[in-house]
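All remarks here apply to the structure that follows.
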Amino acid sequence: MRGKYSHANFRTRNRRCPPRLAYSWQYPEIMNLRTWLLSVLLAFFGVLPACAYAVGEGNRAIEPQSKIALVIGNAHYTDALPLPNSANDASDMCAALRKLNFEVICKLDIATKREFKDAIYEFTGKINSRSVALFYYAGHAVQVEGINYLIPVKAVMRTRSDIEDEGVQINYLMSELQPRQALLNIFLLDACRNNPFANPIRGYVPMMGLASQLYAPRNNIVAMSAGPGQQALDGTGRNGTFTKNLLQNISVPRLTIEEALKAVSSGTRADAARLNYQQEPQISASFGEKFCLAGCGDPAPPAPDDGLLKAKTAELNRLQASIAEARAKQAELDSQQALLLKKRAELDSLRQGLADVETRKEELEKRRAEISQREQELDKLGNEVKTSTDKLKELETVRLSLQQKQEEIERMRKTLVAQQATIDAANQEIATRSLKQKQDEAKKSKEEEKKAPPATVVPTF
């Protein structure tokens with residue numbers, strides 16, 4: 001990519017750069033922190049010559065008419081893991097940049113892609129060819145096929161295309177800055193977290209860190225909080241590890257932007273190492289001038305005499321000893337703090353386990369109550385079944401009794417029918433005999449009438 005230098009191949013390309021850029025921003029042995037600290041302390045006591053502050057002899061410091069910053073901190077995500085310190089990082093960067101005479105557009109928890117673009121539109125609209133532009137972002141970002149996307153807090157991610165539709169490409173911001181032709185474009189990205197999404201995304205394989213290929217405009221400096229495949233730590237205090245070191249270094253007078261970022265890289269690496277992590281900020285630049293965030297120059301102080309120099313050197317040695325002692329105590333405190341954080345995490349885990357046990361105990365009690373209630377219902381139902389069974393037995397006994405009586409009635413009916421038949425037969429026989437007797441009597445009467453003499457009729461006068 002034209003005009004872009006990454007720390008990975010910085011040494012092979014430094015012949016094309018101005019001499020000021022021929023520094024390694026990656027390796028601590030090149031950046032001598034002790035020498036830098038001595039320079040700052042000597043400058044504080046006014047004993048260093050003016051040339052000690054110059055980086056790259058002959059490079060002039062740019063004098064912008066305006067310094068514009070867009071600072072974004074996304075912390076409270078709807079569909080991703082929250083970031084406790086991102087809002088603090090952005091708020092503190094806004095305050096620090098305002099003290100450095102930047103006109104700051106400060107945005108927290110940008111919800112949608114449209115709001116992102118509106119903020120970028122407002123930001124780029126204030127920039128011209130005599131401006132220094134600074135963009136700072138703390139929040140979640142991911143890469144898809146080498147393209148980096150910043151994630152709004154209310155973006156809903158279900159498929160990979162959702163990332164492309166609802167995320168904001170960093171290259172979009174850079175393409176909007178390109179035609180503004182600013183004196184210097186500074187990009188500070190504290191976004192190399194781990195996979196941020198609470199749920200798996202179809203078609204997307206999470207990758208640690210951001211892609212290093214950026215289509216930055218000319219005159220740019222890009223600083224990412226971690227290198228490829230590394231995770232940016234959220235810090236153990238108010239600020240993330242990278243931003244904490246930014247805040248400590250950007251306000252140092254006469255410190256060029258490159259020197260400040262070297263110190264940031266060294267401090268971030270050291271802080272991560274104390275927590276047994278590896279975090280090496282990825283920094284690249286295409287800028288041939290000189291710029292100090294807190295101002296590059298005061299007039300050179302007069303040369304001190306030897307007595308004053310010796311006195312201030314002795315004072316400096318005492319300060320160095322105090323600093324060494326303070327650093328040792330700080331290292332011990334950091335170790336104790338890391339141990340405390342580990343114990344706190346274990347305690348939180350135990351508390352969570354206890355809470356889970358209590359929850360399960362409540363569920364068991366609830367189920368026991370339900371079982372007891374069901375047992376009572378079953379007992380009641382069993383009693384009802386027993387009562388019904390007893391009634392059924394009584395009804396069965398009555399039915400059997402009625403059946404027996406019905407059989408007896410049937411037998412009596414048959415007996416009555418038989419007796420009636422006998423009576424009817426007797427009556428028929430009686431009737432037959434009576435009729436025969438009457439016939440016999442009538443016949444006998446006729447025979448007797450025939451045998452008797454006729455009766456003498458005596459006339460009556």
Within region 59-68, is even one residue at pLDDT 95 or above, buried (at least 18 other Cβ atoms within 10 Å of the Cβ) and of a type outside the set (Asp, Glu)?
yes
How many residues are among the polar types (S, T, N, Q) and in a strand (DSSP E or B) when one looks only at region 160-175?
1
Filter region 107-153 down to the residues that are under 26 Å from residue 219 (Cα atoms), assigned to a loop (DSSP other than H, G, I, E, B) and among the small types (Gly, Ala, Ser), then identify the one that is nearest to the chain's Cα centre (by Cα).
139
Odd one out for residue 331, checked against (1) exposed (fewer than 12 other Cβ atoms within 10 Å of the Cβ); (2) among the small types (Gly, Ala, Ser); (3) under 24 Å from residue 236 (Cβ atoms)
(1)
Considering every residue within region 74-93, establish whether at least one is touching a residue at least 24 places away in the same chain (Cβ under 8 Å), among the hydroxyl-bearing types (Ser, Thr, Tyr), surrounded by fewer than 17 Cβ atoms within 10 Å (Cβ to Cβ) and within 14 Å of residue 150 (Cα to Cα).
no
If only one of 343, 436, 391 is within 31 Å of the chain's Cα centre (by Cα) and open to solvent by 90 Å² or more (accessible area, probe 1.4 Å), which one is it?
343
Can you name the residue in region 221-250 that is open to solvent by less than 50 Å² (accessible area, probe 1.4 Å) and among the β-branched types (Val, Ile, Thr) and is also farthest from residue 183 (Cα to Cα) among such residues?
241
Pair list, Cβ < 9 Å and 6+ apart or interchain, from region 113-137 residues that are in contact (Cβ under 8 Å) with a residue 40 or more places away in the chain and buried (at least 19 other Cβ atoms within 10 Å of the Cβ) to residues that are of a type in the set (Phe, Trp, Tyr) and part of a helix (DSSP H, G or I):
116/172; 120/172; 133/123; 135/123
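The values are calculated or read from the model by the stated rules, or taken from the named source; none is laboratory data. The shown structure was predicted, so the numbers you read here are calculated from the model rather than taken from an experiment. Cβ sites come from the backbone with ideal geometry, for glycine too, and all protein chains shown count toward neighbours. Remember, those area values only see protein heavy atoms, side chains included, never the ligands or the DNA or RNA. Shrake-Rupley method; radii C 1.70, N 1.55, O 1.52, S 1.80 Å.
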